[in-house]
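All remarks here apply to the structure that follows.
The values are calculated or read from the model by the stated rules, or taken from the named source; none is laboratory data. None of the values given here were measured: they were computed from a predicted structure. Neighbour counts are summed over all protein chains in view; Cβ atoms, including those assigned to glycine, are modelled from backbone coordinates with ideal geometry.
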Amino acid sequence: MKGGSLVFTSLPSIPLVKPGADLAGVILTGLDAAGLNLQDGDVLILAQKVVSKAENRLVNLEQVQPSPEALHLAEMTGKDPRLVEVILSESASVLRQRDATLIVEHRLGFICANAGVDRSNVEGDTHSEGEWVLLLPADPNRSAHELREKLQAASGASIGVLIIDSHGRAWRLGTEGVCIGAAGFPALLDLRGKPDLFGEPLKITQVGLADEIAAGASALMGQAGEGRPIIHLRGLPYPLREGNASELIRPEQDDLFR
């Protein structure tokens, strides 16, 4: 493909999402406000927070009883032991602990800080009392699939859906958007065997396309009070296909940094 462009558009006037919210309806209203109609090949990218809130993935720390392991890790890291208990409940294993951070293998398979449990942009817009934290969606791939089915039924267009979160990276400072759930999207793009500029076949090139798109969408979403949690993408230069975010997880036997 020669030329082309990727166009990211944030959907305007997205309300604060409450538990039980109809995200498909919210998206369709946002598309209408932006003057967009879904077309084949379009992609919707959602911040995990709006999905988690709609799925009521909220936990009140006042109702959490820390385990001995949580108390021990809280003493080592200086974190609230109730929060540590919630993190452990979402983790398959703890890989590193330091200062106020726990690096864990999430129960969904990826490596991240604090199992994605978050306090920011949570308190005040969902529950009036308690100390609330927000978990990642229980099954982001399923959430993306169900949302895609509703949007395709409403629009008649064949689209992709990504659910993204902000993760840190080994060896580099700063967080960036990564894909934690996908439907109808080539999350891992295998270019092995494709010719390079000089006709030589590529031998090892696999592209984390869902993460690349997640990073671009995250730059538009922002990380603080911007209020842009849903992004529309048009112009993806690759065909959509069935796929999910599990394609991006490196098998443990191939992980040199565990």
Is there a residue being modelled with pLDDT of 95 or more and at positive phi anywhere in segment 53-62?
-> yes
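So, Arg57, is that one more than 22 Å from the chain's Cα centre (by Cα) and of a type in the set (Lys, Arg) or not? Explain how you work it out, then say what you get.
Details: more than 22 Å from the chain's Cα centre (by Cα): no; of a type in the set (Lys, Arg): yes.
No, not satisfied.
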Selection status of Leu108, at pLDDT 85 or above and either touching a strand residue (DSSP E or B) at 6+ places or on another chain (Cβ under 6 Å) or part of a strand (DSSP E or B) (or both) | no
Residues of segment 6-26 being more than 19 Å from Gly235 (Cα to Cα), at pLDDT 95 or above and β-branched (Val, Ile, Thr), which ones?
-> Val26
Hey, Ala24 assigned by TED's automatic domain parsing to the domain that holds Glu85, aliphatic (A, V, I, L, M) and surrounded by 17 or more Cβ atoms within 10 Å (Cβ to Cβ) or not = no
Name the pairs whose Cβ atoms lie under 7 Å apart, with the first residue in segment 28-44 and not assigned by TED's automatic domain parsing to the domain that holds Glu149, the second in a strand (DSSP E or B), and 6 or more positions between them or separate chains?
-> none
List the number of the failed condition for Gln206; all other conditions in (1) more than 29 Å from Ala157 (Cα to Cα); (2) at pLDDT below 90 hold.
-> (1)
Which ranges mark the strands (runs of 3 or more DSSP E) fully within segment 151-258 that have 3 or more residues being aromatic (Phe, Trp, Tyr), in contact (Cβ under 8 Å) with a residue 40 or more places away in the chain and touching a Gly at 6+ places or on another chain (Cβ under 8 Å)?
-> none
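So which of Ser5, Ser67, Ser13 ends up being on the phi > 0 side of the Ramachandran plot and either of a type in the set (S, T, N, Q) or over 24 Å from the mean Cα position of the chain (by Cα) (or both)?
On the way: Ser5 fails: on the phi > 0 side of the Ramachandran plot; Ser67 fails: on the phi > 0 side of the Ramachandran plot.
So the residue among Ser5, Ser67, Ser13 that is on the phi > 0 side of the Ramachandran plot and either of a type in the set (S, T, N, Q) or over 24 Å from the mean Cα position of the chain (by Cα) (or both) is Ser13.
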